[in-house]
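Q: Shown below is the structure under consideration.
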Amino acid sequence: MKIYFGIDCAPGGIRPNTYAERVLEKLGINSIEAYNKCFGAWEWEVDVDDNFDYESFKTWMKAEMDELYKAGRIRGAQWDKVETEK
């Protein structure tokens, strides 16, 4: 399975990778580059094992991104799991 997430920040401020580091840490992944950087909207896709608890991650991610959004640090975020062929 893969996890996709994107974080969007306003221009001129802190870049999305700053906030992505916490997400990557939660996923147990070392720092990786975003595969897409379109202005302030950056996207990542990471492999996780099949035993990964996506529901727990989804709950954590929503709380984390809502907090960043309410504080004005990000303009938005999205995440989902990407099923891979076996």
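Q: Round to a whole angstrom and tell me the spacing of the C-alpha centers of region 39-71 and region 10-33.
A: Each part's Cα centre sits 10 Å from the other's.
Q: A further question follows. Rank these by accessible area, largest first, 1.4 Å probe: Glu21, Glu55.
A: Most to least solvent-accessible, the answer reads Glu55, Glu21.
Q: Ok, one more. Between Ser31 and Glu45, what is 0.36 nm times their sequence separation minus the Cα-Cα distance? Round to one decimal in nm.
A: 3.9 nm
Q: Between the helical axis of 16-27 and the dominant principal axis of the chain, each derived from Cα atoms, what acute angle in degrees is found, rounded to the nearest 10?
A: Compared with the principal axis, the helix lies near 30 degrees.
Q: Can you sort Thr18, Thr59 by 1.4 Å-probe accessible area, starting with the largest?
A: Putting Thr18, Thr59 in descending order of accessible area: Thr59, Thr18.
Q: Here is a further query. Assign one of three labels to the chain, namely rounded, prolate or oblate, based on the Cα gyration tensor with a ≥ b ≥ c the square roots of its eigenvalues; rounded applies when a/c is under 1.5, prolate when it is not and a/b is larger than b/c, and oblate otherwise.
A: prolate
Q: Averaged per residue, what accessible surface does the chain expose to a 1.4 Å probe, in Å²?
A: 65
Q: At a 1.4 Å probe radius, carbon and sulfur cover how many percent of the accessible area of the chain?
A: Here carbon and sulfur together make up 47 percent of the probe-accessible area.
The values are calculated or read from the model by the stated rules, or taken from the named source; none is laboratory data. Because the structure is predicted, anything quoted here is derived from the model rather than measured. These area figures cover heavy atoms from the full protein model, side chains too; ligands, DNA and RNA do not enter into them. Shrake-Rupley method; radii C 1.70, N 1.55, O 1.52, S 1.80 Å.
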